[in-house]
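A.B. asks: The structure is given below, and queries will be raised subsequently.
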Amino acid sequence: SFTLPKNIYIIGTMNTTDRSIALMDVALRRRFAFIDIVPDSGIIDTVPHDTGNVDLKKLMEALNRTITEELGRDYAIGHSYFLNHNSISQIRYMWYYSILPLLTEYFYDSGRLQKIIPSFYDGSQVIRFNDDKQFIEALEKIYGEDS
């Protein structure tokens with residue numbers, strides 16, 4: 001028979017928003033212990049990064065606050081998206097190729113998307129900012145100073 005030594009742990013991850021694997025989810029939950037790991041914006045401050053004037057922690061918190069209100073906590077964006085960015089160009093890449101595609105999938109209704117990212121959506125399409133100053137200002141409008 002097949003066995004594993006007692007000092008080996010198997011750790012798996014699962015996205016709770018993917019309902020297409022609901023039957024497998026039930027089977028796994030019957031057989032294994034689960035630890036709920038939620039996004040933690042505090043981790044962003046512990047990793048050295050140079051983001052110019054962009055406050056990635058506030059950005060993540062503002063996005064997740066609105067996402068949670070609209071869809072529920074299972075849709076919150078994880079902190080890993082916001083780590084290890086050492087230039088505005090890296091943040092821009094993360095924003096346009098990771099965060100925005102996720103948000104447009106979550107909020108296919110243009111009115112809801114407009115509520116989440118008003119400075120990046122004109123009601124019919126995503127606005128791309130190539131100028132650093134305009135890009136940073138558009139991000140700051142999402143989290144604002146009073147967030």
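A.B. asks: Please name whichever of SER89, PHE34, ILE117 sits farthest to the positive end of the charge dipole of the chain, dipole taken about the Cα centre and charges placed at Cβ: Lys and Arg +1, Asp and Glu -1.
C.D. replies: Among SER89, PHE34, ILE117, the one farthest towards the positive end of the dipole of the chain is PHE34.
A.B. asks: What range in the chain is the longest one free of chymotrypsin sites (Phe, Trp or Tyr not before Pro) that are in a loop by DSSP and have at most 16 other Cβ atoms within 10 angstrom?
C.D. replies: Longest run free of exposed loop sites: 35-107.
A.B. asks: For semi-axes √(5λ) of the Cα gyration tensor in Å, one of (1) 33, 20, 13; (2) 24, 18, 13; (3) 22, 19, 15 was computed from the structure I shared and the rest are decoys. Which label?
C.D. replies: Structure-derived value, by its label: (1).
A.B. asks: To the nearest 10 degrees, how steeply does helix 22-31 sit against the main Cα axis of the chain, on a 0 to 90 scale?
C.D. replies: 50 degrees
A.B. asks: If the elastic network links every pair of Cα atoms under 10 Å, which of GLY12, GLY78, GLY111 fluctuates the most in the Gaussian network model of the chain?
C.D. replies: Looking only at GLY12, GLY78, GLY111, the largest GNM fluctuation is found for GLY12.
A.B. asks: Which one, ARG112, ARG31, ARG92, has the greatest fluctuation when you compute a Gaussian network model over the chain with C-alpha springs under 10 angstrom?
C.D. replies: Fluctuation is largest for ARG31.
A.B. asks: Also, quick follow-up: For LYS141, which lysines qualify as cross-link partners when the Cα separation must be under 18 Å and same-chain residues fewer than eight apart are set aside?
C.D. replies: Cross-link targets: LYS57, LYS58, LYS115, LYS133.
A.B. asks: Still on this structure, I have one more. Report the percentage of all Cα-Cα pairs in region 24-76 whose separation exceeds 13 Å, rounded to a whole percent.
C.D. replies: Of the Cα pairs, 69 percent sit more than 13 Å apart.
A.B. asks: Give me, ordered by chain and number, the residues 5 or more places off TYR121 or on other chains with an amide H under 5 Å from its own placed amide H.
C.D. replies: Result for TYR121 returns ILE127.
Only the coordinates and a few stated rules stand behind these numbers; no lab work does. The shown structure was predicted, so the numbers you read here are calculated from the model rather than taken from an experiment. Neighbour counts are summed over all protein chains in view; Cβ atoms, including those assigned to glycine, are modelled from backbone coordinates with ideal geometry.
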